[in-house]
Every structure is written in C-alpha cells, then in structure tokens.
1. Calculate, for the stretch 1-101, the solvent-accessible area per residue in square angstrom, rolling a 1.4 angstrom probe over the heavy atoms of the protein chains.
2. So what J values fall out for the stretch 25-40 if you push phi through Karplus, 6.51 cos²θ - 1.76 cosθ + 1.60 with θ = phi - 60°, rounded to Hz, Gly and Pro as x?
3. Taking the Cα centre of the chain as origin, work out the dipole magnitude from +1 charges on Lys and Arg Cβ and -1 charges on Asp and Glu Cβ, in debye rounded to 20.
4. Carbon and sulfur atoms: what percent of the 1.4 Å accessible area of the stretch 63-104 do they account for?
Amino acid sequence: MNVISPTRPPYVEAKGTLLRDSVLDSVGELLADDGWHDVTMAEIATRAGVSRQTLYNAFGNREQLAQAYLMREAERFLAAIEDAVRSNADDPRRALVSAGELFL
C-alpha cells in the first residue's frame, strides 16, 4: 500500500515548485541588472536551466510570467509585514512601526 507522507509533497508537486521557484528567482536576478523590457524569455530560461518551451509550458506567456513574479514578490512582502506585526504582538505601537518600516 502506498502511503504519501504528510510532511513531504508528492514528487510531481515538488518538481513543479522547484521549477517555479527556479524560474522566478532567475527573473529576479535578471531584473536586478535590467528592466523587464530588456529581459528575454531565452535569458530567463538559460538562467533557470530550462528550455524556453518548458518556460512557456509552465507559465503560458511573458505577461503571465511577469504576473507570477509580481504575485510571488507581493506575497513575500505581505508575509514579512505579517511577521513584523506578529513578532511585536505584545506592543501594538512597535508592531505598527515595524510594519511601517518594512513598507517604507
């Protein structure tokens, strides 16, 4: 009987997550040096170590890839703010200041 570990995702899911993270990390690295209009899908694929076809299969098109990158960065930003507030839950003023410092 096959039992899937509750602490480890199935291979296909883990593979997809790794691919997504690798591609989105590559987008961030390339954007550190160039604007979005200067970054090509070929450069992203090369940096991520995948083919352009894999990139298109995973994200659809350039606009959808940009949206995925922006959504991930927004989620990271909101998580950081949430952590700042939670870590100062006993001091509401400090919680707001910490969140505000991250925001600004």
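1. 72
2. The phi angles translate into 5, 5, 4, x, 5, 5, 5, 5, 10, 9, x, 4, 5, 9, 8, 9 Hz.
3. Using only the charged Cβ atoms, the result is roughly 400 debye.
4. Carbon and sulfur atoms account for 60 percent of the accessible area of the stretch 63-104.
The values are calculated or read from the model by the stated rules, or taken from the named source; none is laboratory data. The structure displayed is predicted, hence computed values, not measured ones. Here Cβ is always computed from backbone atoms with ideal geometry, including for glycine, and neighbour counts include all displayed protein chains. These accessible areas exclude ligands, DNA and RNA; they are computed on the full protein's heavy atoms, side chains included. Shrake-Rupley method; radii C 1.70, N 1.55, O 1.52, S 1.80 Å.
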